[in-house]
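One structure is given here, and the rest of the page talks about it.
Read the figures in this text as sums done on the coordinates, not as results from a lab. Every value quoted in this text rests on a predicted model; they were computed, and no experiment measured them. Cβ sites come from the backbone with ideal geometry, for glycine too, and all protein chains shown count toward neighbours.
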Amino acid sequence: SEKNTLEGVMNQYEFDFTQKCIWLRINVENRLSSDLTYIFNFSRLGESGSVNFFEKLPDSRVTESKAGMQLFTNDRDYIYKDWCAVRVHLTKGNARTFYAKIKTEKFDGPPYITIIAQETIVNHDRIERMVLSAFYGMLLIICLYYLILFVATREKHFLYFSLFVMSFGLLAFTTEGFLGEYTWNNLALFKVIDYANRELMLSFVSIFFLLLGVSYLDLKRT
């Protein structure tokens with residue numbers, strides 16, 4: 001569908017995506033030379049999206065994995081940022097069939113599934129978190145330093161700069177998707193914070209930056 005290869009059934013697709021729930025059947029075959037665990041990430045679903053991922057085993061048992069920001073972290077099959085993802089272990093030369101029940105308040109188009117080896121994500125995540133930890137640490141030090149300057153001098157522009165750095169750090173933390181990973185199993189708190197958090201933090205960044213400019217340039221006098 002990304003390459004317009006389903007033009008003949010697009011009308012049916014458009015009808016399906018007016019619903020709040022659709023089912024997909026996914027046929028997978030591992031043609032690599034080894035067994036690997038993959039992450040199936042269902043993107044473009046938004047915060048209201050959830051996935052129930054099923055497989056029927058040869059002995060007629062059905063396994064189920066769950067994903068989505070509407071679930072408690074303990075109920076999610078794979079926790080990584082704000083991903084709606086499940087783990088799938090594929091055996092060399094083995095063909096498998098999975099079924100995905102996808103629910104969301106509104107589909108923006110055909111569901112887009114990203115498939116990445118879990119080992120790749122782990123290696124990338126280790127480096128990314130080291131860099132981001134250093135970045136957030138520097139922002140925290142800057143924020144505290146200028147807050148101390150404000151307490152010592154009572155100059156307002158030090159306070160505004162500290163608040164600007166703090167709000168910028170929170171905006172970056174949310175944009176990276178980490179808020180969806182650290183919700184402490186409190187769905188009500190997450191819904192209140194996450195749904196409006198990016199717009200709210202962006203507003204705070206703009207407001208404190210403007211207040212900093214007004215105070216530092218002393219616009220009321222000059």
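Here Lys81 is the anchor, and the lysines within straight C-alpha reach of less than 26 Å, apart from those fewer than 8 places off in the same chain, are Lys20, Lys66, Lys101, Lys103, Lys106, Lys191. Computed from the Cβ-Cβ distance with R0 of 41 Å, the FRET efficiency linking Arg25 to Ser203 stands at 0.40.
Quick one: length gained pulling Ser43 to Arg221 fully straight, 0.36 nm per residue minus the C-alpha distance?
On the way: separation 178, 0.36 × 178 = 64.08 nm, distance 5.13 nm.
Between Ser43 and Arg221, full extension yields an extra 58.9 nm.
For the stretch 17-137, a/c is not less than 1.5, where a ≥ b ≥ c are the root eigenvalues of the C-alpha gyration tensor, and a/b does not top b/c. That puts it in the oblate class. Within the same chain, lysines fewer than 8 places from Lys92 are excluded, and of the rest, those with a Cα less than 24 Å from its Cα are Lys56. Relative contact order (percent) for the stretch 127-169, with alpha-carbon contacts under 8 angstrom and 6 or more residues of separation? Normalised by residue count, the contact order of the stretch 127-169 is 40 percent.
The slack in the chain from Thr175 to Ile113, taken as 0.36 nm per residue of separation less the alpha-carbon distance, amounts to 20.3 nm. Separation of the stretch 199-216 and the stretch 144-160, taken as the distance between their Cα centroids, equals 16 angstrom. Each Cα pair under 8 Å and six or more residues apart adds its separation to the average, and for the stretch 30-144 the resulting relative contact order is 36 percent.
For Tyr38, the residues whose amide H sits under 5 Å from its own are Val88, His89, Leu90, Gln118, ignoring neighbours fewer than 5 places away on the same chain, with H placed 1.01 Å from N.
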